[in-house]
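Please treat every number below as a calculation from the coordinates, not as lab data. On a predicted model such as this, the values are computed, not experimentally measured, just so you know. Here the Cβ positions follow ideal geometry from the backbone for every residue, glycine too, while neighbour counts run over all protein chains shown.
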Amino acid sequence: MNTDYRKPLPGTDLEYFDTRQAVEDIQAGAYNKLPYTSKILAEQLVRRCDPAALTDSLKQLIERKRDLDFPWYPARVVCHDILGQTALVDLAGLRDAIAAKGGDPAKVNPVVPTQLIVDHSLAVEHAGFEEDAFEKNRAIEDRRNDDRFHFIDWTKTAFENVDVIPPGNGIMHQINLEKMSPVVQARTDGEGKKVAFPDTCVGTDSHTPMVDALGVISVGVGGLEAESVMLGRASMMRLPDIVGVELTGKLQPGITSTDMVLALTEFLRTERVVGAYLEFYGEGADSLTVGDRATISNMTPEYGATAAMFYIDGQTIDYLKLTGREDEQVALVETFAKHTGLWADELKEAEYERVLTFDLSSVHRTLAGPSNPHAHLPTSELAERGIAGEWVEEEGKMPDGAVIIAAITSCTNTSNPRNMVAAGLIARNANKLGLTRKPWVKSSLAPGSKTVKMYLEDAKLLSELENLGFGVVAFACTTCNGMSG
């Protein structure tokens, strides 16, 4: 870490880097006009950049230039088991090579904290209407992945800076959102002093930006780039296209976050935001819970952006408390954000090179598809588009266009309590009306964390879902990777 602009953080025993002062020393009044993303990038430059290159790098952000590469040092690496294991195998191979040369293999470790979540190995062989489906699917997963899981277990004790979440616990993005991200890091430097700075991360999955909903720059990368970050190398970048997205209005009653994000995805694809960092703000964004915000951020790859940021505000603080973060950590997030200009109220003067506007009150009930998440399909047009219509039931035959798989899963949906409770209420009403699952439909429920099962049980809605054939089959990713059946 650098020493210039390092100061005590008021109200704490921590230090921080005064990015505002560093920017103002170059151009007076510039800091308040920076977008949220630029403020985060500027802070890590002040903290980590070669002092000789600091002024030129900060000018790229201040003057909205894209002439020079500058370094980005993500604070964490988050991996699913497929690509995460591959990276750790490379490090294990490097240990062998060093040992062969007479060196100490134990010195080979990730420099950056690395979190590996085993969530991409389970296939739903036993559907949600089968008894003990969860236990049966887990047994098959362990049998098929015995060698892999043995290696992953070894990495927990063999490597420093590696934390492993074993199979059967959830999806990496939902766990990242609910548990892993501190939003503001507090780490001890080489001199034994603790320094506070914004949490950032890269992840080996396209939906890694889900935690952008907490104000954490979190982007999806390939395995090689993640491995480079693990080893402490800077990820070189130029100032991205930062687009402001003003959300106006509020969602109408009965409209879910899934309805919202499908409509928003169609809108953003037409606005060509590929590769951009989006920043959502306005009265509409203020009214959204972190669960709803996470649904928007999670769909970043579907509308082609790199990140989908929300400011830190009262909703963020409420969510951190709800998900059991320590009181001291929650207080740090609020203190740091307000003191460093990352709190929502401090971003009223932020200037964007491009601003889009989307009215949340315009969202209606909708589906995706039938084949692509951006193919907006209002429920009012199902018959018109030939997807739904009259049919005559014939003995022993399925109707044309029949649904054969119904999976309640994915971090996009199961991270949002409103969505999951709504599913439970629909199941309860379906049971009251005597509706049943057709025998050809493979139904399943695979939440992104065990928390979902707990609150569904508390609300007495899990049994309603089970009666329809939507019993819990896994806590893992089962749709985006094709494992739901």
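Things worth noting here:
- Ranked packing of 392-399, 265-272, most packed first, by mean Cβ within 10 Å: 265-272, 392-399
- The packing ranking of peptides 43-49, 19-25, highest mean first, is 43-49, 19-25, where packing means the average number of other beta carbon atoms within 10 angstrom of each residue.
- Segment Ala402-Arg64, length gained on full extension (0.36 nm per residue, minus Cα span): 116.5 nm
- For the chain, adding -39500 (n - 2.57) for each run of n ≥ 4 DSSP H residues and dividing by the number of residues yields -10500 deg cm²/dmol at 222 nm.
- For the residue pairs Lys194/Lys453; Lys156/Lys321; Lys338/Lys450; Lys59/Lys348; Lys7/Lys107; Lys39/Lys453, the alpha carbons lie more than 31 Å apart in Lys194/Lys453; Lys338/Lys450; Lys7/Lys107; Lys39/Lys453.
- Förster radius 51 Å - calculated FRET efficiency between Ala52 and Thr248, Cβ distance, rounded to 0.05: 0.70
- Charge tally in the Cβ shell below 10 Å around Val221, where Lys, Arg are +1 and Asp, Glu are -1, Val221 excluded: -3
- Highest mean packing first, where packing is the average number of other Cβ atoms within 10 Å per residue, the peptides 1-13, 303-315 line up as 303-315, 1-13.
- Estimated D of the stretch 65-214 in µm² per second, where Rh is the Kirkwood radius over Cα pairs and Stokes-Einstein applies at 20 °C, 1.002 mPa s: 122
- Acute angle (nearest 10 degrees) that the helix 81-100 long axis makes with the longest principal axis of the chain, alpha-carbon atoms: 50
- Between helix 36-48 and the chain: long-axis angle, C-alpha atoms, 0 to 90°, nearest 10: 50
- The chain: relative contact order in percent, alpha carbon pairs under 8 Å with at least 6 residues between: 19
- Cα-based shape type of the stretch 267-318, given that a ≥ b ≥ c are square roots of the gyration tensor eigenvalues and the cut on a/c is 1.5: prolate
- Simple label model, 7 Å out from Cα along Cβ direction - Arg6 to Arg418, nm: 4.4
- Stokes-Einstein diffusion for the chain, with the hydrodynamic radius set to the Kirkwood value over Cα pairs and evaluated at 20 °C in a medium of 1.002 mPa s, equals 89 µm²/s.
- The stretch 265-393 - Debye-derived log10 I(q)/I(0), Cα point model, q = 0.12 Å⁻¹: -0.61
- Helix 51-62 axis, angle to the chain major axis (alpha carbon atoms, nearest 10°): 50
- Trypsin sites (Lys or Arg not before Pro) restricted to DSSP loop in the stretch 408-485 with at most 12 other C-beta within 10 Å: Lys460
- From phi via Karplus (6.51, -1.76, 1.60), per-residue ³J(HN,Hα) for the stretch 206-216 in Hz, x at Gly/Pro: 5, 8, 3, x, 3, 6, 4, 4, 8, x, 9
- Estimated from the Cβ-Cβ distance and a Förster radius of 41 angstrom, the FRET efficiency linking Lys453 and Ile26 is about 0.20.
- Residues Val211, Val89, Val195, sorted so that the one with the fewest Cβ neighbours within 10 Å comes first: Val89, Val195, Val211
- Here is the list for the stretch 115-196: trypsin sites (Lys or Arg not before Pro) lying in DSSP coil, each with at most 15 other C-beta atoms within 10 angstrom of its C-beta, are Lys193.
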